[in-house]
Amino acid sequence: MGSADHYWDVVSVLGRLSPRDEDLQRAAAEMERLDPRALYTEIVRSRVYTIALRNLGGLAGRDDVAVVHAALKDLDGKETARRAQALPETRAVLRRVRDLDARVIKGLSLREHYADPELRHIGDLDLHVPDWESARQITRVLRERGWRWDTHEFPWIKWTDGGSLYGQLTMVLPDNEDPHSRVDLHIGPFSVGHSTLMPLVGWRPRDVLGVPSVVPCAESEIALIGAHAVNDGLLSMKDVNDAHVLLSRHAGVDWGAVEELCRGAGALKAMGEILSAAARVYPGTTVPAWAGDARRSGDTYLSTGEEPPGVRADRVRRLALDDERARGRDASLAERVAEEAYAYFTADLTPRLDAPVPAAPDGPHRRRDLCWRLLPKETWQGLADRAAPHAGAPGPTSDQELASGMRLVRSGKGTVVALDGEVFVPTVWGAVEPESTVLARALTGERIRR
């Protein structure tokens, strides 16, 4: 029932901060042609369920509205309970890390621009640090506070062409079974697609949840919306609203800087679609000429509904190819990186016992196009129990420093990453050498579980 664009037309009204009554009535009439369960899914996907719940409240009495309203009200109750659990610890973490070079980016930073911040969806706590040593210190703080490593989106590291480590360390609280809080700790440049980067520079002080913090400048905040949209592949009302409130609060935006930040990250078209959508949804919003109106011309980059995996993989492949060419890479090398990007985004990356290729993040394998996921103990110990009958005891070990406090330890075929007393098993494609899990268990004193 209805195309993706029909659902988007309704979501773009229900997710509007101050919709006109006539627009709401029109959206309600359109809802009669849509599957209410699918509409609910699209509202949630667009991260505007709090706003939609409020807007639907004025349309009570219609059966098609009642179904969606009831589902959103149930979700709102659950999210309210989750936030009540999450916010005290979030504030405590913000106070604890503000002297450790931590900056707040994305959701919580953008939330403070809203006239009513409660209308902005609160998800993860996204922190940014400029270097590995700052990340290491914050990781220690979080671990001491009881945060656990995420076993659904594993921590990962890469290296820039110049040899600087960057990546993302992910943690949850209280555990992976039923977490109410999540921290994404971004290190260095922001990762876009498979191997594209956007530098994060330009910061300013601002209170976040009442805690003095540091957030990006307006230009970086706008560009980050586009870069994150490239990763999601989705035109969401959350992003449209974010762009609208940023433009409403900030005069004198350096649009040339936004343009070039987005161009370097392959996010120019995505950002243009978000800005042109903001101008349509909120008449009077001034956007730069380069934003254009891709949706009317049919030259779209972002999807208005769920993006099929193959479509996403091909989009990431094209982004990688364009980025490598822009960097002046040889055509054959650019094609190789692009094809590996497609393979990575269509592969089953589930951790499993097998011979890994490449085997370790050593010299030639420290690159932008190799995402080294670090499997924590909660993940590798189960693999270790299955590997034990087929792998010998670890022999003499050797190690080298990857970064401050982080070492690459080897024994035979086994390879692990040791960080401040914790042991991780590295993988790119999900394959894990059995001897790596045995080595990890030996270094932590773990026994085989019977």
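The values are calculated or read from the model by the stated rules, or taken from the named source; none is laboratory data. Note that the coordinates shown come from a computational prediction; the quantities given were computed from them, not determined experimentally. Every residue, glycine among them, receives a Cβ derived from its backbone with ideal geometry; neighbour counts consider all protein chains shown. Heavy atoms of the whole protein, side chains included, go into the accessibility calculation; ligands, DNA and RNA do not. Shrake-Rupley method; radii C 1.70, N 1.55, O 1.52, S 1.80 Å.
Overview of results
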quantity: Output for region 90-99, where each listed residue is open to solvent by less than 30 Å² (accessible area, probe 1.4 Å) and of a type outside the set (Ser, Thr, Tyr); calculated: ALA92, VAL93, LEU94, VAL97
quantity: Failed criterion for THR397 (all others in (1) in contact with a Leu (Cβ under 8 Å, 6 or more places away or on another chain); (2) open to solvent by less than 20 Å² (accessible area, probe 1.4 Å); (3) closer than 15 Å to LEU439 by Cα hold); calculated: (2)
quantity: Some residue of region 412-421 being open to solvent by 10 Å² or more (accessible area, probe 1.4 Å), of a type in the set (Asp, Glu), without any contact (Cβ under 8 Å) to a residue 12 or more places away in the chain and not assigned by the TED database to the domain that holds TRP132; calculated: no
quantity: Tally, over region 174-192, of residues that are in a strand (DSSP E or B) and under 27 Å from ARG83 (Cα atoms); calculated: 8
quantity: Test set (1) crowded, with 16+ Cβ neighbours inside 10 Å; (2) more than 15 Å from THR304 (Cβ to Cβ) - ARG26 fails condition number; calculated: (1)
quantity: Residue, surrounded by the fewest Cβ atoms within 10 Å (Cβ to Cβ), within region 240-263, restricted to residues that are free of Cβ contacts under 8 Å to residues at least 12 places away in the same chain and not in a helix (DSSP H, G or I); calculated: GLY252
quantity: Strands (runs of 3 or more DSSP E) contained in region 193-235 and holding at least 1 residues farther than 27 Å from ARG312 by Cα; calculated: 203-208, 211-216
quantity: Among (1) over 28 Å from LEU383 (Cα atoms); (2) in contact with a Phe, Trp or Tyr (Cβ under 9 Å, 6 or more places away or on another chain); (3) charged (D, E, K, R) - the single one ASP116 does not satisfy; calculated: (2)
quantity: Hits in region 14-23 (condition: within 26 Å of the chain's Cα centre (by Cα) and either surrounded by fewer than 22 Cβ atoms within 10 Å (Cβ to Cβ) or not in a helix (DSSP H, G or I) (or both)); calculated: GLY15, ARG16, LEU17
quantity: Any hit, region 381-393, residues being among the hydrophobic types (A, V, I, L, M, F, W, C) and at pLDDT 95 or above; calculated: no
quantity: Pairs, first not assigned by the TED database to the domain that holds SER18 and at pLDDT 95 or above in region 43-69, second of a type in the set (A, V, I, L, M, F, W, C) and open to solvent by 70 Å² or more (accessible area, probe 1.4 Å), C-beta under 6 Å, six or more apart; calculated: none
quantity: Check on ASP74, acidic (Asp, Glu), farther than 23 Å from HIS244 by Cβ, open to solvent by 70 Å² or more (accessible area, probe 1.4 Å) and touching a Ser or Thr at 6+ places or on another chain (Cβ under 9 Å); calculated: no
quantity: Residues located in region 404-414, provided they are under 28 Å from the mean Cα position of the chain (by Cα) and at pLDDT 95 or above; calculated: MET406, ARG407, LEU408
quantity: Filtered residue count, region 352-369, keeping only those that are in a loop (DSSP other than H, G, I, E, B) and under 16 Å from VAL417 (Cα atoms); calculated: 7
quantity: Some residue of region 51-62 being in contact with a strand residue (DSSP E or B) (Cβ under 7 Å, 6 or more places away or on another chain), among the small types (Gly, Ala, Ser) and not in a helix (DSSP H, G or I); calculated: no
quantity: Condition met for TRP203 (of a type in the set (A, V, I, L, M, F, W, C), assigned by the TED database to the domain that holds GLU260, without any contact (Cβ under 8 Å) to a residue 60 or more places away in the chain and in contact with a helix residue (DSSP H, G or I) (Cβ under 9 Å, 6 or more places away or on another chain)); calculated: no
quantity: Where a residue in region 83-97 is closer than 17 Å to ARG120 by Cα and its partner, wherever it lies, is of a type in the set (Ser, Thr, Tyr), with Cβ under 8 Å and at least six apart; calculated: ALA86/SER181; THR90/SER181
quantity: Region 120-140 residues that are on the phi < 0 side of the Ramachandran plot, paired with ones that are open to solvent by 60 Å² or more (accessible area, probe 1.4 Å) and not in a loop (DSSP other than H, G, I, E, B) (beta carbon under 8 Å, 6 or more apart); calculated: none
quantity: Residue check, THR41 β-branched (Val, Ile, Thr) and surrounded by fewer than 17 Cβ atoms within 10 Å (Cβ to Cβ); calculated: yes
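For every residue, the table says whether it meets (1) hydrophobic (A, V, I, L, M, F, W, C); (2) open to solvent by less than 40 Å² (accessible area, probe 1.4 Å); (3) part of a loop (DSSP other than H, G, I, E, B).
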site: VAL311; (1), (2), (3): yes, no, no
site: ARG318; (1), (2), (3): no, no, no
site: GLU324; (1), (2), (3): no, yes, no
site: SER332; (1), (2), (3): no, no, no
site: VAL337; (1), (2), (3): yes, yes, no
site: TYR342; (1), (2), (3): no, no, no
site: LEU349; (1), (2), (3): yes, yes, yes
